[in-house]
1. If you check every pair at least six apart or on different chains, which have Cβ atoms under 7 Å apart with a residue in the stretch 61-83 that is at pLDDT 95 or above first and a residue that is surrounded by fewer than 18 Cβ atoms within 10 Å (Cβ to Cβ) and among the aliphatic types (A, V, I, L, M) second?
2. Suppose we keep only residues that are part of a helix (DSSP H, G or I) and polar (S, T, N, Q) within the stretch 173-220. Which one would you say is nearest to ARG21 (Cα to Cα)?
3. Identify the single condition in (1) at pLDDT 95 or above; (2) exposed (fewer than 15 other Cβ atoms within 10 Å of the Cβ) that GLY223 does not satisfy, given that it satisfies every other one.
4. Give ALA88, ALA108, ALA151 a once-over and let me know the one that is surrounded by fewer than 20 Cβ atoms within 10 Å (Cβ to Cβ) and not polar (S, T, N, Q).
5. Being among the basic types (Lys, Arg), in contact with a strand residue (DSSP E or B) (Cβ under 9 Å, 6 or more places away or on another chain) and on the phi < 0 side of the Ramachandran plot is the requirement here; does ARG191 meet it?
6. Filter the stretch 124-145 down to the residues that are part of a loop (DSSP other than H, G, I, E, B) and either surrounded by fewer than 18 Cβ atoms within 10 Å (Cβ to Cβ) or of a type in the set (D, E, K, R) (or both) and list them by number.
7. Could you check the stretch 123-148 and list, in sequence order, the residues that are farther than 18 Å from LEU90 by Cα and more than 15 Å from the chain's Cα centre (by Cα)?
8. Restricting attention to the stretch 171-193, does a residue exist that is surrounded by fewer than 20 Cβ atoms within 10 Å (Cβ to Cβ) and of a type in the set (Lys, Arg)?
Amino acid sequence: MSSSRGPARIAPSILAADFARLGEEIAMVAPHVDMLHIDVMDGHFVPNVSLGPPVIRCIRPVTELPFDCHLMMTNADAYFDPLREVGADLVTIHIEAYPDPTRAASQARELGLGFGLVLNPPTPMAAVEPFLDLCDLVLVMSVHPGFGGQAFIPATLATVRSLRETLDRRSLAVDIQIDGGIDPDTIGAAREAGADVFVAGSAIFGAADPVAAVEALRRSAEG
């Protein structure tokens, strides 16, 4: 299954990096990964607040990697243009906050941004199914959003499988991303279920050797 979809792609979550050395940590892993995952939290959709456009502007010169911005926000569309201006490439919004994301998807496309939808662990795949043709990517959360370091929720793999089957049946070229508790022990099952892009935070930036950690994730995904 995995070989027909191309190699697994790794997206480090910079929320887990050392913010005192953020540019250095990004530069260290950038040659070894496929994109950077940037969590933007508003303190409303999720309890925490995290980095926004000013920080993204500062790190944009560090790497040419695509910036994948996961917007855990109730008014994410209001930030599409500011995010594009500071260097975002892709925005993902929660179906729970946007039950009909058609207008938001159109807005992102008009700005030249890639667009995706996000599913929280309790949300069924059916919530995004009518809108899959609007997406470049669908992100399945394998932890509850808003906090790093949580344990992987195995039940979310059923959502990944269902999504993979639906995308394949409809011949849609939409990536499946998974985020939360991804490490060498969980990435293989997520890959087998049908995921393409793997967000990892503490498994990379919390490791003694982040570059070796990335390679370990790749080996486990393709093993």
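1. VAL62/ALA27; THR63/ALA27; THR63/ALA30; LEU65/ALA30; PHE80/LEU111; ASP81/LEU111
2. So in the stretch 173-220, the residues part of a helix (DSSP H, G or I) come out as 187-193, 202-205, 210-220.
Right, trim to polar (S, T, N, Q) and you get 202, 220.
Numbers: SER202: 15, SER220: 28 Å.
Only one residue fits best here, namely SER202.
3. Going through (1) at pLDDT 95 or above; (2) exposed (fewer than 15 other Cβ atoms within 10 Å of the Cβ) one by one, GLY223 breaks only (1).
4. On the way: ALA88 fails: surrounded by fewer than 20 Cβ atoms within 10 Å (Cβ to Cβ); ALA108 fails: surrounded by fewer than 20 Cβ atoms within 10 Å (Cβ to Cβ).
So the residue among ALA88, ALA108, ALA151 that is surrounded by fewer than 20 Cβ atoms within 10 Å (Cβ to Cβ) and not polar (S, T, N, Q) is ALA151.
5. Answer is yes for this residue.
6. PRO124, ASP136, HIS144
7. Within the stretch 123-148, the first condition is being farther than 18 Å from LEU90 by Cα, and the residues that meet it are 123-127, 129-130, 142-148.
If the condition is that a residue be farther than 18 Å from LEU90 by Cα and more than 15 Å from the chain's Cα centre (by Cα), then THR123, PRO124, MET125, ALA126, ALA127, GLU129, PRO130 are the ones that fit.
8. No, the stretch 171-193 contains no residue that is surrounded by fewer than 20 Cβ atoms within 10 Å (Cβ to Cβ) and of a type in the set (Lys, Arg).
The values are calculated or read from the model by the stated rules, or taken from the named source; none is laboratory data. Computed from a predicted structure; not experimentally measured. All Cβ positions, glycine included, derive from the backbone under ideal geometry; neighbour counts span all protein chains shown.
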